[in-house]
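Accompanying notes for the structure given below.
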Amino acid sequence: MAVNLQAIKDEILGYTVSTEEDLEQFRRQYIGRNNMIAALFAEMKNLPAEERKAYGQQINELKDAATEKFSALIAQLEANGQQQQEEHPDLTLPPRPDALGGIHPITATRRQIIRIFERVGFNVSEGPEIEDDWHNFSALNFPENHPAREMQDTFFIEKKPDIALRTHTSSVQVRVMEGQKPPIRTLSPGRVYRNEAISARAHCVFHQVEGLFIDKGVSFADLKQTLYYFAKEMFGQNIKVRFRPSYFPFTEPSAEMDISCLICGGTGCNVCKHSGWVEILGSGMVDPAVLQNCGIDPEEYSGFAFGMGIERITMLKYGIKDLRLFTENDVRFLRQFRSLI
Ligand code: 2NL
């Protein structure tokens, strides 16, 4: 038989396409039913027995060349189309919608706390995260040997004079008292640092809101009523509160405030450890020595202060069991808060 198999192979290898029709033409010729290679294969029975093997091998090579070329032509056509689209985008198409993000739950809680206190006359104050010993400890009446002043508890940047990452935002309020005359009603939200092992309940970086109210004749009754108002606004009008005596170096007397458990309503569960109550903040009357340290006459003025962890409040409000979720940035967690403002 006088068919030039090499010529056919060259034709296949040199084939080019620029349209879908060209590609279909190639397919019909070399791949589809009744294609040329299949016809050549059928010729094999007319050959003398000793030539059949070599002929069959050549036809098989042709077949492989055609299948490979077909894939290459498809890829080439696709790439051409894409390039053309990039060079000539269809400007009449509507734009793709932007992917909408959301507010982080810590941000949402911080904003909510601020909104509640702004309604009763508090403003917002901010200050540095790197603090000196005076603003973080000494002005706040921390004794010389207090454990918070140890390397074990606090991230020091320098020693003597001591410079550290602030361990609370009280340092901001010391700065406000030093710089302003009462009446002072201020809220200090921000990031604070403690040298803690990271777990489901503790982190070395977390967020706090502290509040400070100083004026003539401010009493413990004002503290209780203000924080009761806050609890009802934050957790619902049916919430119950209780105050327990406590101790802080910078307040006297001091009290911790509990709310009735949000999960079980007070009947007892794992979250409240079967007590029906959960602690949400610490508070107290500003110690006269602290007022004095900040240039405010304790004979003329008195005040109350409080502090709370934003992570803790957020976990209670939304039933979040592990605080590490706040910093892992797993979108499956964050997406659940997309509706917050
Ligand atoms: C807590 C307790 C508290 C304060 C913070 C404060 C600030 C100044 C003076 C006096 Cl400038 N006190 N802040 C008072 C009592 C408690 O925080 O458990 N925080 C997470």
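The values are calculated or read from the model by the stated rules, or taken from the named source; none is laboratory data. Since the structure is predicted, the reported quantities are computational estimates derived from the model, not experimental observations. Methodologically, a virtual Cβ is constructed for each residue, glycine included, from the backbone with ideal geometry; neighbour enumeration extends over all protein chains shown. Protein only, heavy atoms only, side chains kept; ligands, DNA and RNA dropped before computing areas. Shrake-Rupley method; radii C 1.70, N 1.55, O 1.52, S 1.80 Å.
Odds and ends about this structure:
- Of the listed residues Thr226, Thr19, Thr267, the order by accessible area with a 1.4 Å probe, largest first, is Thr267, Thr19, Thr226.
- A protection proxy built from the mean count of other Cβ atoms within 10 Å ranks the segments 280-289, 143-152, most packed first, as 280-289, 143-152.
- Rolling a 1.4 Å probe over the protein heavy atoms of the stretch 181-319, with every protein chain left in place, gives an accessible area that is 49 percent carbon and sulfur.
- Reachable lysines from Lys45, criterion Cα separation under 29 angstrom, eight or more residues apart if same chain: Lys9, Lys53, Lys63, Lys69
- The trypsin sites (Lys or Arg not before Pro) of the stretch 216-256 that meet both conditions, a loop assignment by DSSP and at most 10 other Cβ atoms within 10 Å of the site Cβ, are Lys216.
- Nearby aspartates and glutamates by direct alpha-carbon distance to Lys159 (threshold 13 angstrom, same-chain neighbours under 8 apart not counted): Glu131, Asp132, Asp133, Glu150
- Measuring from each cysteine beta-carbon in the chain, the ones with no other cysteine beta-carbon under 4.7 angstrom are Cys204, Cys294.
- Span from the the stretch 112-170 Cα centroid across to the the stretch 3-22 one, whole angstrom: 79 Å
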